[in-house]
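Written out below as structure tokens is the structure these notes cover.
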Amino acid sequence: MRDLPPCPRTPNCVSTQAVRSSQRMEPIPYTVPLREARARMLAVLRALPRTRIVEEGPDVLRAECRSRILRFVDDVEVRFDDAAKLIHFRSASRLGRRDFGVNRERMEQVRMAFLAAS
């Protein structure tokens, strides 16, 4: 599995591979075959409001999420580590310095929806 891009120093990014504890989130575990985990995650991402899938690879998914009012774009990248049965992710705002917790909240929702579909 390729590493995710690092989070910038600004507090508008969360990642399972972040160095700073304030930006770090735990990866999402899965026990099903990769194809099933990928399909489930794709369904979860497609269900997010104002979200567009921009890349679908065998072990990576990328999406753009737009804010409701100002239409700012956040980039979401999801990578599957099938050997460890873990889903790594990164969600980051393209612009600005702060995101008021939006990226963390989004990825917590993604985690809960993915695990609930198990």
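The values are calculated or read from the model by the stated rules, or taken from the named source; none is laboratory data. Remember, predicted model here, so these are calculated numbers, not experimental data. Every residue, glycine as well, gets a Cβ built from its backbone with ideal geometry; the counts of neighbours run over all protein chains shown. Surface accessibility is based on the protein's heavy atoms, side chains included, excluding ligands, DNA and RNA. Shrake-Rupley method; radii C 1.70, N 1.55, O 1.52, S 1.80 Å.
Scanning segment 99-118 for residues that are more than 17 Å from Glu36 (Cβ to Cβ), open to solvent by 60 Å² or more (accessible area, probe 1.4 Å), assigned to a helix (DSSP H, G or I) and not charged (D, E, K, R) yields Val102, Gln109, Met112. Is at least one residue of segment 84-92 under 23 Å from Pro8 (Cα atoms), surrounded by 12 or more Cβ atoms within 10 Å (Cβ to Cβ), in contact with a helix residue (DSSP H, G or I) (Cβ under 7 Å, 6 or more places away or on another chain) and of a type in the set (Gly, Ala, Ser)? Yes, some residue in segment 84-92 is under 23 Å from Pro8 (Cα atoms), surrounded by 12 or more Cβ atoms within 10 Å (Cβ to Cβ), in contact with a helix residue (DSSP H, G or I) (Cβ under 7 Å, 6 or more places away or on another chain) and of a type in the set (Gly, Ala, Ser).
Select from segment 1-51 the residues that are part of a strand (DSSP E or B) and under 13 Å from the mean Cα position of the chain (by Cα) and write down the one among them that is farthest from Lys85 (Cα to Cα). Here the residue is Thr51. Residue-level check: of (1) among the polar types (S, T, N, Q); (2) surrounded by fewer than 12 Cβ atoms within 10 Å (Cβ to Cβ); (3) under 18 Å from Val110 (Cβ atoms), Ser22 misses just (3). If you take the residues of segment 87-117 that are polar (S, T, N, Q) and within 23 Å of Met1 (Cα to Cα), which of them is modelled with the lowest pLDDT? Among residues in segment 87-117 that are polar (S, T, N, Q) and within 23 Å of Met1 (Cα to Cα), the one modelled with the lowest pLDDT is Asn103. Put simply, of Thr10, Thr16, Thr51 the only residue that is open to solvent by less than 80 Å² (accessible area, probe 1.4 Å), touching a His at 6+ places or on another chain (Cβ under 8 Å) and of a type outside the set (Phe, Trp, Tyr) is Thr16.
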